[in-house]
Amino acid sequence: MTDMSTLSFTVVPNRDLTAQQRDRILSLCSQAYEEDFSPYMELLGDATHLMVSDEGELVSHAAWLPRELRAEGLPPLRSAYVEAMATLPDRQGKGYGCAVLSTIPALIGDDYDIAALSPSEADFYARRGWELWLGPLAYQHREGLVETPEEEVMIYRLFHTPSALDISASLETDWRPGEVW
């Protein structure tokens, strides 16, 4: 496991990223996802980035975007939608991703009703308190509601999460370029 005392955490709104920070995030995410992450970086315009460095080297990253989620029976939820969760391949399994996930709730808890993400590895998130959404998922598009039964979404309850939130209810959001969920 990693010595957490050597880690530094930096939170930066996307608009305030330096060119060097943007390049480091792009490199890290491209390595972690094993593909050119450039097109996805363009979709993070309203994001806030959490960068974790170990002795000056960027080793892990996550970003969150404000998104409205609509759970059946509740008013719209202001969601911190987590994207670009990544750790350098040679640093995976050493606690960096856990450090990111344990830091995010304190950073977003006052401003959002809920955190959400589309998991690549649901078990990883579930072990850290994230819940798999069990109800049907859909998004609003110009033509109407489009169901997305092939997708998975997980949520993390925050201080302002309504107690009546039922993860077996339907959940919808609005269409966006790239991956809707």
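The values are calculated or read from the model by the stated rules, or taken from the named source; none is laboratory data. Note that the structure is predicted; figures quoted are calculated from it, not measured. A quick note on method: Cβ atoms are made from the backbone with ideal geometry, for glycine too, and the neighbour counts reach across all protein chains shown. Surface areas here come from the heavy atoms of the whole protein model, side chains and all, with no ligands, DNA or RNA. Shrake-Rupley method; radii C 1.70, N 1.55, O 1.52, S 1.80 Å.
Okay, here's what the table says:
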{"item": "Residue check, ASP110 at pLDDT below 95, over 20 Å from CYS29 (Cβ atoms) and not in a helix (DSSP H, G or I)", "result": "yes"}
{"item": "Number of the condition not met by GLU35 [criteria: (1) assigned to a strand (DSSP E or B); (2) of a type in the set (Asp, Glu); (3) exposed (fewer than 13 other Cβ atoms within 10 Å of the Cβ)]", "result": "(1)"}
{"item": "Per-region count, region 159-179, residues surrounded by 15 or more Cβ atoms within 10 Å (Cβ to Cβ), of a type in the set (A, V, I, L, M, F, W, C), assigned to a loop (DSSP other than H, G, I, E, B) and touching a residue at least 60 places away in the same chain (Cβ under 8 Å)", "result": "2"}
{"item": "Scan of region 134-155 for residues that are open to solvent by less than 60 Å² (accessible area, probe 1.4 Å) and either free of Cβ contacts under 8 Å to residues at least 24 places away in the same chain or within 20 Å of the chain's Cα centre (by Cα) (or both), ordered by number", "result": "GLY135, LEU137, ALA138, TYR139, GLY144, THR148, VAL153, MET154, ILE155"}
{"item": "Hits in region 113-126 (condition: part of a loop (DSSP other than H, G, I, E, B) and at pLDDT 95 or above)", "result": "ASP113, SER118, PRO119"}
{"item": "Hits in region 1-32 - residues which are under 18 Å from the mean Cα position of the chain (by Cα) and either part of a strand (DSSP E or B) or at positive phi (or both)", "result": "PHE9, THR10, VAL11, VAL12, PRO13"}
